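The values are calculated or read from the model by the stated rules, or taken from the named source; none is laboratory data. Not measured: the values here are computed from a predicted model. Heads up, the Cβs are rebuilt from the backbone with ideal geometry, glycines too, and the neighbour counts pull from every protein chain shown. Note: areas computed on protein heavy atoms with side chains; ligands, DNA, RNA excluded. Shrake-Rupley method; radii C 1.70, N 1.55, O 1.52, S 1.80 Å.
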Amino acid sequence: MASQQTKEKKIPNRISEYCAKIVDHKAFTTTIITFIIINAIVVGIETYPSVYQTYTSWFYYADITLLWIFTIEIALRMIAARPTYSFFKNSWNWFDFLIVAAGHIFVGGHFITVLRILRVLRVLRAISVIPSLRRLVDALLLTIPALGNIMILMSIIFYIFAVIGTMLFAGVAPEYFGNLQLSLLTLFQVVTLESWASGVMRPIFAEVPWSWIYFVLFILVGTFIVFNLFIGVIVSNVEKANQDENESDEVDTKHEVRELRKEIAELKKMMIKMNKS
């Protein structure tokens, strides 16, 4: 009975090990990225009505084929995970699983628009597959708490300059500074540096020569200082995400070394028992 149980345990272990070898192979990731790119190209071609109506059946079979390829990929990754439920500990794995599962759930004539949107969303899987993109998104997510404080600071600066601009230039340029809402919208255009000089400042400057002081101060404070804060927070969090991933890799290698040591110790015990018998 014990030997039968050990054989039953070895069979799934062998299957998971075999799947792990496939998933960990460099060609596996490259192949999945290739299919994601093919999926993106197919979805892009579908936006041309003349082409889509001519080859509707071809697009249908291409979508079904790609969907099942991604389904097999998710299944292999789930089997390769040891234990299987550890696959769902990673939020990126949840993301991949839900996108692929939704493709099967919404199959049917009533969900054509939803299916097309899901096909486009499959392109986002490139983020979860490519490690460098995954680190970048993780870093951006880490910036959200810090960006909240920067947004509060930026809102205060915008509000102060919008009120001042309305008081100073409402009579000169009512289309830009006629009220608080227009002033905020104008300042948003100015902070993006999109046609702010020729479109906004120059007409006001022709009427009020000292108005350049207002715009230069706002650009210095709003664009160069606040935007640099955004960039600084993002860069620091990118570095932090890279450090966290390196630390997690070190933990994984240590765990693997421990498992190898345990297996070697068990093999030694088995050898000793065999020699004694």
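State whether one or more residues within region 159-168 are of a type in the set (Val, Ile, Thr) and touching a residue at least 60 places away in the same chain (Cβ under 8 Å). Write out each step before concluding.
Taking region 159-168 first, the residues of a type in the set (Val, Ile, Thr) are 160, 163-164, 166.
If we keep only those that are touching a residue at least 60 places away in the same chain (Cβ under 8 Å) as well, we get none.
No, region 159-168 contains no residue that is of a type in the set (Val, Ile, Thr) and touching a residue at least 60 places away in the same chain (Cβ under 8 Å).
Determine whether Gly103 is assigned to a helix (DSSP H, G or I), among the small types (Gly, Ala, Ser) and surrounded by 14 or more Cβ atoms within 10 Å (Cβ to Cβ).
On the way: assigned to a helix (DSSP H, G or I): yes; among the small types (Gly, Ala, Ser): yes; surrounded by 14 or more Cβ atoms within 10 Å (Cβ to Cβ): yes.
In short, yes.
Is it the case that some residue within region 73-85 is part of a helix (DSSP H, G or I), of a type in the set (Lys, Arg) and modelled with pLDDT of 75 or more? Spell out the reasoning first.
Just the residues of region 73-85 that are part of a helix (DSSP H, G or I), to begin with: 73-80, 84-85.
From the residues that got through so far, the ones that are of a type in the set (Lys, Arg) too are 77.
Subsequent filtering for residues that are modelled with pLDDT of 75 or more retains 77.
Taking every residue of region 73-85 in turn, at least one turns out to be part of a helix (DSSP H, G or I), of a type in the set (Lys, Arg) and modelled with pLDDT of 75 or more.
Which ones in region 196-212 are in a loop (DSSP other than H, G, I, E, B) and open to solvent by less than 60 Å² (accessible area, probe 1.4 Å)? Working first, answer last.
In the first step, residues of region 196-212 are kept if they are in a loop (DSSP other than H, G, I, E, B); the result is 208-210.
The one that is in a loop (DSSP other than H, G, I, E, B) and open to solvent by less than 60 Å² (accessible area, probe 1.4 Å): Val208.
Are there any pairs, at least 6 apart or on different chains, whose C-beta atoms fall under 9 Å, with the first in region 43-69 and in contact (Cβ under 8 Å) with a residue 60 or more places away in the chain and of a type in the set (D, E, K, R) and the second part of a helix (DSSP H, G or I) and open to solvent by 60 Å² or more (accessible area, probe 1.4 Å), and if so, which?
Here the result reads Glu46/Arg116, each pair linking region 43-69 to a residue that is part of a helix (DSSP H, G or I) and open to solvent by 60 Å² or more (accessible area, probe 1.4 Å).
Any residue at all in region 153-176 that's in contact with a helix residue (DSSP H, G or I) (Cβ under 6 Å, 6 or more places away or on another chain), assigned to a helix (DSSP H, G or I) and over 19 Å from Val216 (Cα atoms)?
Checked against the condition, which is being in contact with a helix residue (DSSP H, G or I) (Cβ under 6 Å, 6 or more places away or on another chain), assigned to a helix (DSSP H, G or I) and over 19 Å from Val216 (Cα atoms), region 153-176 yields no hits at all.
Which number in (1) modelled with pLDDT of 85 or more; (2) open to solvent by less than 80 Å² (accessible area, probe 1.4 Å); (3) within 24 Å of Val129 (Cα to Cα) marks the one condition that Asn90 misses?
(1)
Provide a single number: the residues in region 28-62 that are part of a helix (DSSP H, G or I) and open to solvent by 40 Å² or more (accessible area, probe 1.4 Å).
Going through region 28-62, the residues part of a helix (DSSP H, G or I) turn out to be 28-46, 49-54, 56-62.
Applying the additional criterion that residues be open to solvent by 40 Å² or more (accessible area, probe 1.4 Å) yields 29-31, 33-35, 37-38, 41, 45, 49-54, 56-58, 60-61.
Result for region 28-62: 21.
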